[in-house]
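The values are calculated or read from the model by the stated rules, or taken from the named source; none is laboratory data. Only a predicted model underlies this, so the values are computations on that prediction, with no experimental measurement involved. We place every Cβ from the backbone using ideal geometry, glycine too, and count neighbours over all the protein chains shown.
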Amino acid sequence: MDGAPGAGDSMGDMGEPLVRARGLVKRFGTSTAVDGIDVDIAPGEAFGFLGPNGAGKSTTMRMIGAVSPPTAGELRILGMDPAVDGPAIRARLGVVPQTDNLDLELTVAENLLVYGRYFGLPRATVRQRTAELLDFVQLTDRAGDRVEPLSGGMKRRLTIARALVNEPDVVLLDEPTTGLDPQARHVLWERLYRLKQRGVTLVLTTHYMDEAEQLCDRLVVMDGGRIAAEGSPAELIAAWSTREVCELRFPLTEGGPGPAAHADALAPLVARGLAERVEVLPDRLLLYTADGDAALSAVLAQGLQPVSSLVRRSSLEDVFLRLTGRTLVD
Amino acid sequence: MPVSSAAVSFFRQRLTAHRHFWRSSAVGSVLEPVLFLAAMGLTLGTLVDRGPGVPGGVGYLAFLAPGLLVAAAMQTATGESTYPVLGAIKWDRLYEAVLATPARAVDVLAGHLLYVAFRVTTSAAAFLVVLLLFGAAESPLVVLALPVALLTGLAFAAPVTAMAAALEEDAAFAALQRFLIVPMFLFSGTFFPVDRLPAVLEWFAWATPLWHGVTLARDLALGTVDGGSALLHVGHLALWTAAGTALAARALQRRLVR
């Protein structure tokens with residue numbers, strides 16, 4: 001899980017970015033959804049927007065998708081201005097929205113056949129791509145079925161196939177696996193990874209750490225409409241967290257001491273350099289440290305008796321917690 | 001409004017869906033008016049014809065049939081522009097998917113109106129065949145009732161689409177049906193001449209697009225049409241269509257591109 005594929009791609013050797021935003025702002029009435037963000041996305045990279053619900057990820061994606069005009073700031077997509085060249089930009093994008101928006105009155109194959117025609121593709125081309133894409137997303141045997149009764153994972157895969165019908169330069173995926181069961185998620189990740197290997201640029205939002213670590217070369221952590229940090233998953237972990245984390249759970253009794261009470265008892269560990277810092281969550285304590293096992297031994301040596309303990313590598317969840325003081329999925 | 005290739009793509013998408021459920025939609029758009037024609041025209045009509053009858057000395061069936069043709073166009077066009085439009089915005093998010101392609105909001109609107117035009121025209125043509133089988137036409141000009149039905153359909157579809165595009169909830173559609181569409185159906189000259197109404201209500205009837213459509217279609221079917229009033233009817237319907245389309249384009253753009 002640690003160490004992301006292709007981690008460390010730097011922006012330095014990037015040519016013309018596919019997406020370039022400077023001071024990008026989106027306001028709805030008096031509320032500000034996106035509050036001045038700078039983004040560069042290079043051709044061929046898998047770029048992620050990571051953040052909790054309401055962070056401004058979807059709004060950013062809709063602006064990049066050239067369907068939502070920015071309130072302020074500069075935005076260039078494929079070198080074009082969405083305010084002027086919206087249709088030309090959208091012709092080269094593939095969009096997988098947060099909520100599937102398949103045509104439920106059509107069959108699986110018809111959803112691709114009619115969609116391809118919006119891109120001005122000849123009928124024969126669309127037919128051929130439909131067959132290839134249904135094969136790619138493993139839905140060939142459902143081609144003639146109505147969409148409605150398909151499982152969530154199948155609908156998601158069909159939505160992805162539809163987004164590829166115009167052979168896009170960039171695929172925008174808004175929370176591609178939210179609401180899917182673990183098996184369906186892994187099937188989807190594998191298909192997205194294949195796309196990435198073919199050189200398709202992926203831009204995705206997620207509030208799942210594991211998804212970001214699996215798929216993203218580079219990502220930004222968004223919170224409250226702003227970018228809190230940027231880098232590869234490994235860089236972010238190195239910059240904002242320790243190598244390991246020791247998780248401690250203490251018995252929770254009604255009216256008894258909560259995890260915070262135990263945090264004081266751990267303060268000497270920090271003073272002795274055995275841990276960098278202690279994070280208090282409602283149900284457990286996180287001890288950030290270079291050596292989780294040594295820290296755990298020290299905790300036990302102090303006479304503390306956690307009901308359970310876990311030593312693990314740092315993840316993006318820890319980065320997010322550090323940056324915002326909150327867990328991602330709450 | 002120019003009809004772009006994206007609009008044609010949207011029309012094609014709706015047609016593809018229509019192929020799956022045309023039978024059930026034909027029940028509402030064709031069978032229902034045919035039942036009205038049989039029930040009112042044949043049975044009630046014999047009573048009417050035994051009395052003073054309708055103006056012009058024609059049988060009640062001949063009077064009623066072109067009215068029903070146009071009233072059915074109103075029903076079909078309104079039906080296609082209420083729940084299906086709000087649903088495509090809010091529930092199925094069909095328009096969102098379309099707008100992720102090079103298509104724009106105006107293309108969606110043009111494609112939608114093309115589809116409504118198709119639905120209204122094919123339903124009216126099917127009804128026209130029944131009308132001819134009933135022997136309810138007095139003039140070959142009755143075929144021109146088809147474009148009248150089409151224009152009347154658009155005169156309803158465009159403003160109703162504008163309304164649907166501005167709604168958050170579907171409750172207003174029931175009110176639209178109860179307080180505007182059904183009263184128009186009953187009191188705008190489909191079943192009896194509006195000069196039977198009290199004067200104030202008669203003026204109301206004159207203001208409705210349905211009355212203009214029904215009257216023009218009837219004048220054509222009975223062969224009593226005159227150029228001046230025909231132009232007035234067409235102008236009235238075109239105005240509703242144009243104003244409704246402009247409002248719908250604005251409402252859809254606001255709703256979908258934000």
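General observations
- Against the criterion of being surrounded by fewer than 14 Cβ atoms within 10 Å (Cβ to Cβ), at pLDDT 95 or above and under 15 Å from B:Gln13 (Cβ atoms), A:Arg117 does not qualify.
- Qualifying residue in segment A:192-203 (condition: touching a residue at least 40 places away in the same chain (Cβ under 8 Å), closer than 28 Å to A:Ile77 by Cβ and within 14 Å of another protein chain (Cβ to nearest Cβ)): yes
- Qualifying residue in segment B:133-152 (condition: buried (at least 21 other Cβ atoms within 10 Å of the Cβ), at pLDDT 95 or above and closer than 14 Å to B:Gly79 by Cα): yes
- Flag if A:Gly23 is surrounded by fewer than 21 Cβ atoms within 10 Å (Cβ to Cβ) and either within 11 Å of chain B (Cβ to nearest Cβ) or in contact with a His (Cβ under 9 Å, 6 or more places away or on another chain) (or both): no
- Filter result for B:Gly213 (in contact (Cβ under 8 Å) with a residue 60 or more places away in the chain and either surrounded by fewer than 16 Cβ atoms within 10 Å (Cβ to Cβ) or of a type in the set (Lys, Arg) (or both)): no
- Taken over segment A:63-117, the criterion of being in contact (Cβ under 8 Å) with a residue 40 or more places away in the chain, within 7 Å of another protein chain (Cβ to nearest Cβ), part of a loop (DSSP other than H, G, I, E, B) and within 15 Å of B:Leu99 (Cα to Cα) is satisfied by A:Gly65, A:Ser68, A:Ala91, A:Pro97, A:Asn101, A:Asp103.
- Count - residues of segment A:212-258 that are aliphatic (A, V, I, L, M) and within 13 Å of A:Leu50 (Cα to Cα): 10
- For segment A:305-326, the set of residues classified as surrounded by 16 or more Cβ atoms within 10 Å (Cβ to Cβ), in a loop (DSSP other than H, G, I, E, B) and without any contact (Cβ under 8 Å) to a residue 60 or more places away in the chain consists of A:Pro306 only.
- Filtering segment A:34-58 to residues that are surrounded by fewer than 20 Cβ atoms within 10 Å (Cβ to Cβ), within 28 Å of B:Val98 (Cβ to Cβ) and out of contact with any Pro (no Cβ under 9 Å at 6 or more places or on another chain) leaves A:Asn53, A:Gly54.
- Unique residue being among the hydroxyl-bearing types (Ser, Thr, Tyr) and more than 10 Å from chain A (Cβ to nearest Cβ) when the list is B:Thr121, B:Thr101: B:Thr121
- B:Ala157 vs. criteria closer than 20 Å to B:Arg14 by Cβ, more than 14 Å from chain A (Cβ to nearest Cβ) and modelled with pLDDT of 95 or more: yes
- Residue check for A:Val137: within 24 Å of A:Phe49 (Cβ to Cβ), modelled with pLDDT under 95 and in contact with a Lys or Arg (Cβ under 9 Å, 6 or more places away or on another chain): yes
- Of all the listed residues (A:Leu133, A:Leu139), the sole one being surrounded by fewer than 22 Cβ atoms within 10 Å (Cβ to Cβ), away from chain B (no Cβ under 11 Å) and at negative phi is A:Leu139.
- As a summary of the residue check, A:Ser308 satisfies the conditions (1) out of contact with any Asp or Glu (no Cβ under 6 Å at 6 or more places or on another chain); (2) closer than 24 Å to A:Ala229 by Cα except for the one numbered (2).
- Evaluation of A:Leu248 against (1) assigned to a strand (DSSP E or B); (2) closer than 28 Å to A:Leu310 by Cβ; (3) under 13 Å from the mean Cα position of the chain (by Cα); (4) not polar (S, T, N, Q) (one fails), failing number: (3)
- A residue that is within 11 Å of chain A (Cβ to nearest Cβ), over 19 Å from the mean Cα position of the chain (by Cα) and surrounded by fewer than 23 Cβ atoms within 10 Å (Cβ to Cβ) occurs somewhere in segment B:105-116.
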